Amino acid sequence: MRFILLVVLIVVAFWVIRRALHSFNKPNIPEKPPIQGELVSCARCGMHLPRSEAREVGGALFCSEEHASLGSGKG
Ligand SMILES: [Zn+2]
């Protein structure tokens with residue numbers, strides 16, 4: 001009966017070692033976090049903000065509705 005227990009322990013040990021070696025050969029490469037949005041600069045004030053938060057008016061990007069209504073021109 002002890003012999004069987006020993007065999008089971010050896011099999012389990014081999015299984016654990018094989019799993020460890022397998023995971024060692026394939027290291028987990030941390031995936032790059034998805035880019036929320038590229039940084040763009042406001043055409044009015046030049047402030048940088050994520051593209052997803054920018055307002056696009058006439059092909060130009062703005063940081064806020066206010067700057068979008070003012071436009072990219074100076075003054
Ligand atoms: Zn702005």
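The values are calculated or read from the model by the stated rules, or taken from the named source; none is laboratory data. All values derive from a computational prediction rather than experimental measurement. Don't worry about glycine lacking a Cβ; one is built from the backbone with ideal geometry, like all the others, and counts go over all protein chains shown. Only protein heavy atoms, including side chains, enter the accessible area calculation; ligands, DNA and RNA are left aside. Shrake-Rupley method; radii C 1.70, N 1.55, O 1.52, S 1.80 Å.
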- Filtered residue count, the stretch 52-75, keeping only those that are in contact with a strand residue (DSSP E or B) (Cβ under 7 Å, 6 or more places away or on another chain) and open to solvent by 70 Å² or more (accessible area, probe 1.4 Å): 2
- Message: Could you tell me how many of the residues in the stretch 39-56 are part of a strand (DSSP E or B), under 19 Å from the mean Cα position of the chain (by Cα) and acidic (D, E)?
- Response: 0
